[in-house]
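Before any comments, here is the structure.
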Amino acid sequence: MKENQKNQLEASFGQSISVKDASLWYSDFQAIKSISIEIPEKKVTAFIGPSGCGKSTLLKCFNRMNDLVQGCKITGEFLIGDVDIYGKIDVNELRKNVGMVFQKPNPFPMSVYDNIAYGPRTFGIHKRSELDEIVEESLKQAAMWEELKDRLNKSALGLSGGQQQRLCIARALAVKPKILLMDEPTSALDPISTGKIEELCDELKKTATIVIVTHNMQQAARISDYTGFFLLGELVEYAETDEIFTSPKDERTEKYITGRFG
Amino acid sequence: MTSAKIKERLGRTLFAFGAAICIISVLAIFVFLIVKSAPAFNKIGIFDFIFGNKWAPQGSDTYESALKGSYGIFTMISGTAASTVGALLIGGVLGYFTAIFLVFYCPQKLKPIASTIINLLSGIPSVVYGFFGIAFLLPLLSKMAPNNGSGLLATSIILGVMILPTVVSLSKTALEAVPNQYYDGSVAIGASHTATVFKIMVPSARGGIIASLILGIGRALGETMAVVMVAGNSPTYPSGLFNSFRTMTANIVLEMGYAGQVQEGALIATGVVLLMFVLIINLMFNLISRKTVDGIVKRPKESKLKAKAFLFSQKIKEGAGSISYKIKSSKIGEAVAKASGIAVALILAMIIVFIFVKGLPTLVTKPQLIYGKFEFGSENITILPAIICTVLVVIISLLIAVPIGIMTAIFLNEYAKRESVFVRIVRGAINILSGVPSIVYGLFGMITFVKIFGGSASILSGSLTVSIMLLPTIVRSTEESLKGVSNSLREASLALGAGKLRTILKVALPSALPGILSAVILSIGRVISESAPLLYTMGSVIKAVPKGILEGGATLAVALYQLSGEGWYINEAYATAVVLIILVLGLNIFAEQVGKTLNRRLKGDANERKSKKSA
Ligand SMILES: Nc1ncnc2c1ncn2[C@@H]1O[C@H](COP(=O)(O)OP(=O)(O)OP(=O)(O)O)[C@@H](O)[C@H]1O
Ligand SMILES: [Mg+2]
């Protein structure tokens, strides 16, 4: 019975994101100004824009990480699939379905294995064989099973920065999220690690929706299907990536992109 | 899903409960001390009690009958004041210069060793200081004294050494917090190192240094056992360096064991007066150190300092003549600072070498002192029962204090809204708890736990008493460690859908473990060192191994106090002191190591990787 309920709830989180007229205030400061955006499922959507324009803030609205900020007020409608995520839902269940990868790799000070098993364990999976399977599968998805299979019991903090970030992705994948939010996941990494993560995005979008914040125009152009350009808390332009980069409609977008492409 | 919510709620409640216990403890201490002393204040009269200069209690005095004895504690208030001033003159001055030495003159290589020495000084139990006083200082002083050497001078010296670590470590922190640019600015102008230190750096740290001295005063006011052992203890004014006198703390310890009704009330009242003094001092400390911290953070004085540095440089340019006096005084300061640093090292070496030289032979020739079977009236005493009692108090008090302390810290750091009223009250309570003198804890334990558990002192009552004492340290260091855990880890856990409780228990707390563990080990050392709070809550008789925790018994520290008072067990006393020192210093060093090692392990095999590369 209970199991049934859970499944229903789980099933009801879709993979598309629909935002209508969203605004957000940090105390008195308005960081997001009535943004509306439709993010399609199983595509990579990139958020670009200058520093402080509210990309991370909007991203964190999707898994309600902003709840942790004192004095943060949010208005507007946020739908994932057709679930109103600011309505009566279990936030932890939401975050299970909407995974997040942060700018700086933040592996827990535990072994590689325990890092990945942390999420599944949180949701009640304790059987060793099951966990083994999840760990292997997640690491394979993150394309690092071969690298790590012999050091599963070593501390995750001993990995290189790029490995740590991919481990964090594997950790997020272990709870099988339907949407993966990535906030500048490669900004702290070298070009080779960055390339690996970009390949990963391509692979992952077969099963999950990906929203990625990036400061790197080439990266956005390379990996995303849709791109949104933000400025001072507003969504200036949002369209297919090709369109944004070849024929932007808004003058500000064009300036930003050409300026950045150099 | 709902069960998860219930768990979250339960966790929160539990953590808040820990915090509530801190508040309740403080309230209980105040309420019980005041209720128990009120009849005495009433009977004797507050004015006569505080300003009366005759203390001659009558055991038969009750609240119903007319008083036959006299109950004035002004001689003892004076005694406390005089010995505190004495301690400040010796330990304060020495500590001040030692801190300057450590920060500005100590060779880089020696710095870690010097800091360890200062830490070790603070770890030595007060009975050991007192014992050192009896065994070394008094015989030395008696050569120039009309008496056995006890009195104000001996007390001031011992107290002075005891407050040294407090003064040194806080002053050192204050001096290190002075921005380097001040130093650079001054030296760039052409001022010498020493001139810069004494004219720019030290004045900039003045607030912190004063705060350290005030905290030192607080320590000296509340110190009991060491004082009892060297002060002489007659209830008279401290009229000369070698005249016997008594402090408020000594008064409580000396008479609590056999006090009549009014006398007991008057002793508790003495505790209340003492507590008031200490609270005022702590309040001053908090005010001053807050100001200083703000000062360092906001640095409103920067312009002032720059102006000062400029004036100073002008003077130098005008020609050395006009300020040669000042430079000279700085030179003297440099010499004094260096001498102080060396003196402090010598003092510690002297205490340890003296006690080891006297005590080790006994331990080697009569090892049965440690493990032998206890026999009543036997010549061959053993400290085995005391060791067992000590272990029991350590275990029970930690079992109580550690969970409560950790719960409180979690509540403060993870749940409480900053600066909410409840949080302020909890922090206030913890501040007060950390300032309450240990003898006052003893009084409190005696009138509460001992009464509850059958009227006689027991291991349980002693443990409960000490566990309250331990709370502030455990709360503070756990909170510090939790603060040190990067928020990104918490975010990562929450973003995976873990609840707050799970995030705290599985991610935040494990990362804070090194800090918590070293606090726990330090607490073990603290319990082993304490004697004043245990004397009357746990008992002071060295007897057979206790059969249960409702029995009493002396711990090692209390046993040392007993043995040193009875002249015929002096060798055993030395040996006990050696055991105590080894235990406490060992624990201090161990705590440091554990903190470091665990931290390294938590940081991962990063080091391992490095070492592999180099291999
Ligand atoms: N917790 C917070 N409290 C108050 N203001 C905040 C908070 N987080 C962000 N802001 C402000 O909100 C605005 C948007 O911040 P956000 O982090 O979303 O920008 P961003 O587009 O991600 O920038 P960057 O590219 O530098 O990461 C900024 O002006 C920032 O200062
Ligand atoms: Mg950002």
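The values are calculated or read from the model by the stated rules, or taken from the named source; none is laboratory data. The shown structure was predicted, so the numbers you read here are calculated from the model rather than taken from an experiment. Cβ: placed from backbone, ideal geometry, glycine included. Neighbour counts: every protein chain shown. These accessible areas exclude ligands, DNA and RNA; they are computed on the full protein's heavy atoms, side chains included. Shrake-Rupley method; radii C 1.70, N 1.55, O 1.52, S 1.80 Å.
Structure notes:
- Here the contact order of chain B, divided by its residue count and restricted to Cα pairs under 8 Å and six or more residues apart, works out to 19 percent.
- Along the axis of the charge dipole computed for the protein assembly as shown (Cβ charges of +1 for Lys and Arg, -1 for Asp and Glu, origin at the Cα centre), the listed residues B:Ile124, A:Ser138, B:Ile387 are led at the positive end by B:Ile124.
- Cα centroid of region B:202-280 to Cα centroid of region B:121-141, whole Å: 17
- For chain B, size of Cβ-based charge dipole, Lys and Arg +1, Asp and Glu -1, in debye: 2560
- Accessible surface ranking that places the most exposed of A:Phe29, B:Phe15 first, with a 1.4 angstrom probe: A:Phe29, B:Phe15
- Assuming charge only on the beta carbon of Lys and Arg (+1) and of Asp and Glu (-1), the dipole of region A:3-257 about its Cα centre is about 660 debye to the nearest 20.
- Carbon and sulfur %, accessible surface of chain B computed with the full protein complex present, 1.4 Å: 67
- Buried on complex formation within region A:99-127 (loss of at least 20 square angstrom of accessible surface versus the isolated chain, 1.4 Å probe, ligands and nucleic acids ignored): A:Phe102, A:Asn106, A:Phe108, A:Pro109, A:Met110, A:Tyr118, A:Thr122.
- Gyration tensor (alpha-carbon) shape descriptor, region A:124-191, a/c threshold 1.5: oblate
- Solvent-accessible ranking of B:Glu264, A:Glu240, largest area first, probe 1.4 Å: A:Glu240, B:Glu264
- Shape of the protein assembly as shown, Cα gyration tensor, a/c cut at 1.5: prolate
- Selection from A:Ile179, A:Ile244, A:Tyr256 lying farthest towards where the dipole of region A:3-257 points positive, charges on Cβ: A:Ile179
- Stokes-Einstein D for chain B, Kirkwood Rh over Cα pairs, 20 °C, 1.002 mPa s (µm²/s): 81
- Taking amide H atoms as placed 1.01 Å from N in the peptide plane, the amide H of B:Gly72 lies under 5 Å from those of B:Lys54, B:Trp55, B:Ala56, each 5 or more residues away in sequence or on another chain.
- With both residues required to sit in the protein assembly as shown, DSSP beta bridges show an antiparallel share near 60%.
- In a reduced charge model with +1 at each Lys and Arg Cβ and -1 at each Asp and Glu Cβ, the protein assembly as shown shows a dipole moment near 1720 debye about its Cα centre.
- Taken per residue, the accessible surface of the protein assembly as shown reaches 44 Å², heavy atoms only and a 1.4 Å probe.
- Accessible area buried, both sides summed, chains B and A with 1.4 Å probe, Å²: 2300
- Taking θ as phi - 60° and the Karplus parameters 6.51, -1.76 and 1.60, the scalar couplings of region B:436-449 work out to 4, x, 5, 5, 5, 4, x, 4, 4, x, 5, 8, 10, 4 Hz in sequence order, x denoting glycine and proline.
- Cβ neighbours within 10 Å from other chains - mean over A:150-157: 3
- Pairwise centroid distance, computed over Cα atoms, of region A:18-66 with region A:149-204, Å: 23
- In region B:483-507, the residues that give up 40 Å² or more of accessible area when the other protein chains are added, compared with the chain on its own (1.4 Å probe), are B:Leu489, B:Glu491, B:Ala492, B:Leu494, B:Ala495, B:Leu496, B:Gly497, B:Arg502.
- Spatial separation of Cα centroids for region B:1-55 and region A:234-256, in angstrom: 66
- Percent carbon-and-sulfur accessible area, region A:3-257, ignoring ligands, DNA and RNA, probe 1.4 Å: 47
- Of all DSSP beta bridges in region A:3-257, antiparallel share, percent nearest 5: 60
- Sum of -39500 (n - 2.57) over DSSP H runs of 4+, divided by residues of chain B (222 nm, nearest 500): -23000 deg cm²/dmol
- Once each of the trypsin sites (Lys or Arg not before Pro) sitting in a DSSP loop with at most 11 other beta-carbon atoms within 10 Å is removed, chain A keeps A:1-87 as its longest stretch.
- Of the chymotrypsin sites (Phe, Trp or Tyr not before Pro) in region B:356-444, those whose Cβ has at most 10 other Cβ within 10 Å and which sit in DSSP loop: B:Phe376
- Among the trypsin sites (Lys or Arg not before Pro) in region B:1-110, those located in a DSSP loop and surrounded by at most 16 other Cβ atoms within 10 Å of their own Cβ are B:Lys54, B:Lys68.
- Within chain A, helix-based [θ] at 222 nm, where runs of 4 or more DSSP H residues each add -39,500 (n - 2.57), nearest 500: -11500 deg cm²/dmol
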